[in-house]
Amino acid sequence: MKGSSHLSIGIAVGAIAGYSTQPDLTTLLICAGIGGISGVAPDLDTNGLASNSITLSKKVSKVLMETAGIVILLTLIYQVMREGMGQDIYIYGAIGLALLIVSRLITQRRMLTITGILVLLLGFVLDESIGILLAGSYIVFASFLPHRSYTHSLLGVAFYALILKYLQVEWPIEGMMVAGLAGYISHLVADMKILPVNRRGVKWFAPLWKKEF
């Protein structure tokens with residue numbers, strides 16, 4: 001099933017779940033957004049709507065890294081010509097070369113890894129927010145997983161529930177927990193083999209049991 005379909009289903013079930021906890025328009029709209037985000041979260045394990053929405057494209061990242069690397073190296077050459085060899089030349093030279101090398105090796109999946117690391121750093125900056133730290137960890141882990149593995153299982157549901165639990169404590173939003181879980185679980189249900197649009201199913205009990213449903 002396409003990411004846009006998961007997004008639409010997540011928005012719908014998130015709105016319904018939120019409205020059931022607090023029947024007002026504000027809660028409905030907020031929970032619709034939470035449900036939509038949660039509805040595509042399991043697909044952070046692949047290059048799809050979810051991962052591409054939160055990361056820079058590989059092409060943009062490559063240009064930025066190459067430009068930064070070239071600027072650093074040219075600046076060093078200019079400095080050496082004017083002032084001679086300085087103590088920091090090797091450090092900055094290594095940084096410039098590293099940026100040029102990484103720009104050639106970077107993939108969209110590794111951009112997702114970098115995004116997760118940045119979210120982790122944000123969690124530390126924001127008074128060590130456990131919710132954001134867990135969200136960053138989820139993104140990093142998902143960037144290394146094969147598609148439809150642990151994020152598409154009860155283990156993924158439990159991890160996501162833990163993220164929502166701490167975010168709810170840090171930012172009390174009515175209906176966040178139920179809307180988020182409804183959106184996340186809706187993704188797994190929509191990916192099951194019982195639906196004719198899916199060739200593959202969901203390994204609900206991975207890693208204990210890898211049977212697809």
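Distance between the pseudo-spin-label points of Arg199 and Tyr90 (7 Å out from Cα toward the beta carbon): 5.4 nm. For Met65, the shell of other residues with beta-carbons less than 12 Å away shows a net charge of +4, using +1 for Lys and Arg and -1 for Asp and Glu.
Per residue, the accessible area of the stretch 57-213 comes to 60 Å² when a 1.4 Å probe rolls over the protein heavy atoms.
Averaging the Cα positions of each part gives two centres, and for the stretch 113-133 and the stretch 146-189 these lie 18 Å apart. Across the alpha-carbon atoms of the chain, the computed radius of gyration and Dmax are 21.4, 71 angstrom.
Sorting 35-46, 170-181 by average packing, meaning the other beta carbons within 10 Å per residue, from highest down gives 35-46, 170-181.
Computed in the context of the full set of protein chains, the accessible area of the chain at 1.4 Å probe radius has 71% of its extent on carbon or sulfur.
Taking the highest mean first, how do the peptides 89-101, 16-28, 134-146 order by number of other beta carbon atoms within 10 angstrom per residue?
Working: 89-101: 14.2, 16-28: 16.0, 134-146: 19.0.
Going by the mean number of other Cβ atoms within 10 Å, highest first, we get 134-146, 16-28, 89-101.
The values are calculated or read from the model by the stated rules, or taken from the named source; none is laboratory data. In this text the structure is predicted, and so the values were computed from the model without any measurement. With ideal geometry, Cβ positions are generated from the backbone for all residues, glycine too; neighbour counts draw on all protein chains shown. Note: accessible area is taken over every heavy atom of the protein model, side chains too, but ligands, DNA and RNA are not part of it. Shrake-Rupley method; radii C 1.70, N 1.55, O 1.52, S 1.80 Å.
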